[in-house]
Amino acid sequence: SVKTGGKSNYRFYDQKYYEKLRARHDKEDDLRRAIENDEFLMYYQPRVDISTGTTSSMEALVRWQHPSKGLLEPLDFIPLAEETGLIAGLGALAIEKVCAQLARWAKTGQELVPVSINVSPRQFDKTDVPKLLAESLAHHGVAARLVEIEVTESSMMSHGGEVSEVLAAIQGMGIKLLVDDFGTGYSSLSQLQSLDFDVLKVDRAFTAGLEKSEQGNVLFAAIITMAHALGMRVVAEGVENERQIRILKSLRCDEIQGFYISKPLPPSETQPILPKWFFPSTA
Ligand code: C2E
Ligand code: MG
Ligand code: MG
Ligand code: MG
């Protein structure tokens, strides 16, 4: 009958639901195990000064060397880590790895550029991130000015809590603060100014928009003008071709990052481009 059919349908959906739930639990267990075993490594992507072509910083981007699935990118595990709170442990690992890497690079006698670390406000709930940074820097004998912190605009706005207090404490240590993926959240530039950020990283959607229309250029120009008026340097994310560099130069953008300069690299391949990297247009 119709009634029985309905009932079995419900059972079907129930089963699907529980399968999904189970898969999620398995993935969560896998991630927890991976954090305990430390199956993570950092890749590094340079950020380049647009007028000199030299590397001003490197961004640390986490990768999961999964025992059976290979090298996984953040999209495969960061969202789950954030939902489950596992981001606290993962974030602590990232800070430790970056400081250890900076110490290793320092041993080679090269002049170092700062490394920026992506941080999620969810980490602030469970861990004292300023303390973690201070301990890791001290342990590896690394100067605070060699570390920068990136927080995405959207995560900052969606997270209540005491985000600004924690960020102010980090900045008080001499660590620069960067707004990441600007333009994808709902903040106003005045909100950002009250947090006193040093650098504004404009989301790659705006960089992609540069070639599309005159409007795209006007929008980017307005962001740069306002950011400069508020005392922030501006980074264009996702630069993929020379045309974008030319436009960004004319708009007085300060720094660029993207596959055209370099994709994120393992530390072994990053070393040769420290501390300087001249991008092709000025080489
Ligand atoms: P993000 O911080 O905005 O990092 C930039 C992302 O864009 C990176 O992806 C990078 O590989 C990619 N990208 C760089 N240049 C280009 C380009 O020219 N074109 C295109 N299409 N993409 C480009 P990735 O490494 O997959 O990281 C994704 C996101 O995961 C990061 O976005 C960041 O929000 C998050 N993430 C990475 N590492 C960490 C971490 O250690 N902790 C936390 N909380 N989040 C992290
Ligand atoms: Mg970032
Ligand atoms: Mg970004
Ligand atoms: Mg982005």
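The values are calculated or read from the model by the stated rules, or taken from the named source; none is laboratory data. From a predicted model like this one, the values you see are computed outputs, not experimental measurements. Positions of Cβ are generated from backbone atoms using ideal geometry, with glycine treated the same way; all protein chains shown enter the neighbour counts.
Only one of the numbered conditions (1) farther than 20 Å from E150 by Cβ; (2) of a type in the set (K, R); (3) modelled with pLDDT of 95 or more is violated by K107, and that is (3). If the condition is being away from ligand 4 (no atom under 16 Å from the Cβ), closer than 17 Å to L177 by Cα and of a type in the set (S, T, N, Q), then the stretch 119-130 contributes only Q123. Taking the listed residues L112, L71, L80, L61, the one that is more than 16 Å from ligand 2 (Cβ to nearest atom), closer than 30 Å to Q244 by Cβ, at pLDDT 95 or above and aliphatic (A, V, I, L, M) is L71, with no other qualifying. Residues in the stretch 205-223 that are of a type in the set (S, T, N, Q), touching a residue at least 12 places away in the same chain (Cβ under 8 Å) and away from ligand 2 (no atom under 16 Å from the Cβ): N217 only. Among residues of the stretch 188-204 being surrounded by 15 or more Cβ atoms within 10 Å (Cβ to Cβ) and among the acidic types (D, E), the one that is nearest to ligand 2 (Cβ to nearest atom) is D203. Residues considered: I256, I224, I261. Of these, the only one that is at pLDDT below 95 and crowded, with 19+ Cβ neighbours inside 10 Å is I261. Going by the conditions given, is R252 on the phi > 0 side of the Ramachandran plot and basic (K, R)? Yes, satisfied. Hey, can you tell me all the residues within the stretch 264-283 that are small (G, A, S) and at pLDDT 65 or above? Result: S268, single match. Restricting the stretch 112-138 to residues that are in a helix (DSSP H, G or I), without any contact (Cβ under 8 Å) to a residue 24 or more places away in the chain and not hydrophobic (A, V, I, L, M, F, W, C), the residue that is farthest from S164 (Cα to Cα) is E135.
Do we have any residue at all in the stretch 117-134 that's hydrophobic (A, V, I, L, M, F, W, C) and either within 15 Å of ligand 2 (Cβ to nearest atom) or in contact with a strand residue (DSSP E or B) (Cβ under 6 Å, 6 or more places away or on another chain) (or both)? Yes, the stretch 117-134 contains at least one residue that is hydrophobic (A, V, I, L, M, F, W, C) and either within 15 Å of ligand 2 (Cβ to nearest atom) or in contact with a strand residue (DSSP E or B) (Cβ under 6 Å, 6 or more places away or on another chain) (or both). The sole residue among E28, E19 that is surrounded by fewer than 12 Cβ atoms within 10 Å (Cβ to Cβ), more than 14 Å from ligand 1 (Cβ to nearest atom) and of a type outside the set (S, T, Y) is E19.
Comparison of L137, L133, L112, L167 shows that the only residue that is under 17 Å from the mean Cα position of the chain (by Cα), more than 25 Å from G183 (Cβ to Cβ) and of a type outside the set (V, I, T) is L133. Per the conditions (1) within 10 Å of ligand 1 (Cβ to nearest atom); (2) closer than 22 Å to E255 by Cβ; (3) β-branched (V, I, T), the sole criterion not satisfied by I50 is (1).
Taking helices (runs of 4 or more DSSP H) as the structural unit, those lying wholly within the stretch 150-254 and holding at least 2 residues that are within 16 Å of ligand 4 (Cβ to nearest atom) correspond to 153-158, 204-212, 214-229, 242-250. Can you confirm whether G258 is closer than 28 Å to L167 by Cβ, assigned to a loop (DSSP other than H, G, I, E, B) and within 16 Å of ligand 1 (Cβ to nearest atom)? So G258 fits the description; yes. Of the residues making up the stretch 86-111, those that are more than 9 Å from ligand 1 (Cβ to nearest atom) and either without any contact (Cβ under 8 Å) to a residue 40 or more places away in the chain or within 17 Å of E162 (Cβ to Cβ) (or both) are A88, A103, A106, K107, G109.
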